[in-house]
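The values are calculated or read from the model by the stated rules, or taken from the named source; none is laboratory data. Computed from a prediction, not measured in an experiment: that's the story for all the values here. Positions of Cβ are generated from backbone atoms using ideal geometry, with glycine treated the same way; all protein chains shown enter the neighbour counts. Only protein heavy atoms, including side chains, enter the accessible area calculation; ligands, DNA and RNA are left aside. Shrake-Rupley method; radii C 1.70, N 1.55, O 1.52, S 1.80 Å.
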Amino acid sequence: MNQLLLFDMDGVLVDVTDSYREAIQQTVASFGGSRPSRDLIQDFKNRGGFNCDWRLSHQILADEGFHVEFDDVVARFNELFLGKNNDGLVLRERWLPADALLDRLAARFRIGVYTGRHDFEIAPTLGRLGLNGFFDPVITADMVANAKPAPDGILQALETCRPERMWYIGDTVDDGLAARAAGVPFIGIAASSSPKRDELVCALQAAGAIAVITDINQLESVLPQ
């Protein structure tokens, strides 16, 4: 049977606590804003509509009364995240799947990625881990007209792969809303270390999650055997 597991990347395959989340905090602070707490950042994520960390950083600054050009926020964020030669906060990312998990899944399913990252953001991480070419398809923000919570990337995967069954695995409300709009079952991830975890679990369930697990290593327990 042609079955597809489509993964979000951040918070699912990769722990971005000290990369993307830290970049939000440092970006806001660099423009004079108060360093936002991890709880505040999670509040935005749970609200939905802030899958893009550039937009989230810009909104926090605006809420504090700082009128900064969006392009300036993007430039500063990328400088912090990527560094001068992919030596920035991106190096703090931690791969989450245990050894052999993805190999076991790949023996049963086609596995792909649909991420809100752009091509230039995903390449350093997959390259560093030696995973270029492992996932198919890989759909990035550069490849869709509308970002999550729009379903564009999931619909693209459906059109490209034409699976008989498919699941989308993500860790945000926008992931769940995108899956629901595409008519694809959604499995939510709420890490035990997540700020506002109880609220996140409720938000993922409200967004249509058929199951909420603590991390990707529990995924096999909620998939059909």
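Some observations on this one:
- Checking the stated criteria, ASN46 turns out to be within 23 Å of TYR114 (Cβ to Cβ), open to solvent by 20 Å² or more (accessible area, probe 1.4 Å) and not in a loop (DSSP other than H, G, I, E, B).
- So SER30, is it of a type outside the set (D, E, K, R), at pLDDT 95 or above, touching a Lys or Arg at 6+ places or on another chain (Cβ under 8 Å) and surrounded by fewer than 19 Cβ atoms within 10 Å (Cβ to Cβ): yes
- You will find that of GLY188, GLY153, the residue that is of a type outside the set (Ser, Thr, Tyr), modelled with pLDDT of 95 or more and outside any helix (DSSP H, G or I) is GLY188 and no other.
- Restricting attention to region 183-202 and to residues that are open to solvent by 20 Å² or more (accessible area, probe 1.4 Å) and among the hydrophobic types (A, V, I, L, M, F, W, C), the residue that is nearest to PRO137 (Cα to Cα) turns out to be ALA191.
- Taking each residue of region 171-184 that is farther than 14 Å from ASP152 by Cβ and looking for partners that are hydrophobic (A, V, I, L, M, F, W, C) and not in a loop (DSSP other than H, G, I, E, B) with beta-carbon atoms closer than 6 Å, six or more apart or interchain, yields ASP171/ILE189; VAL173/ALA203; GLY176/PHE186; GLY176/LEU204; GLY176/ALA209.
- Options LEU4, LEU56; residue that is assigned to a strand (DSSP E or B), in contact with a helix residue (DSSP H, G or I) (Cβ under 7 Å, 6 or more places away or on another chain) and among the hydrophobic types (A, V, I, L, M, F, W, C): LEU4
- Picking from residues in region 74-95 that are part of a loop (DSSP other than H, G, I, E, B) and either of a type in the set (D, E, K, R) or touching a helix residue (DSSP H, G or I) at 6+ places or on another chain (Cβ under 6 Å) (or both), the one that is surrounded by the most Cβ atoms within 10 Å (Cβ to Cβ) is GLU93.
- Residue under evaluation GLY176, criteria (1) part of a helix (DSSP H, G or I); (2) more than 12 Å from the chain's Cα centre (by Cα), criterion not met: (2)
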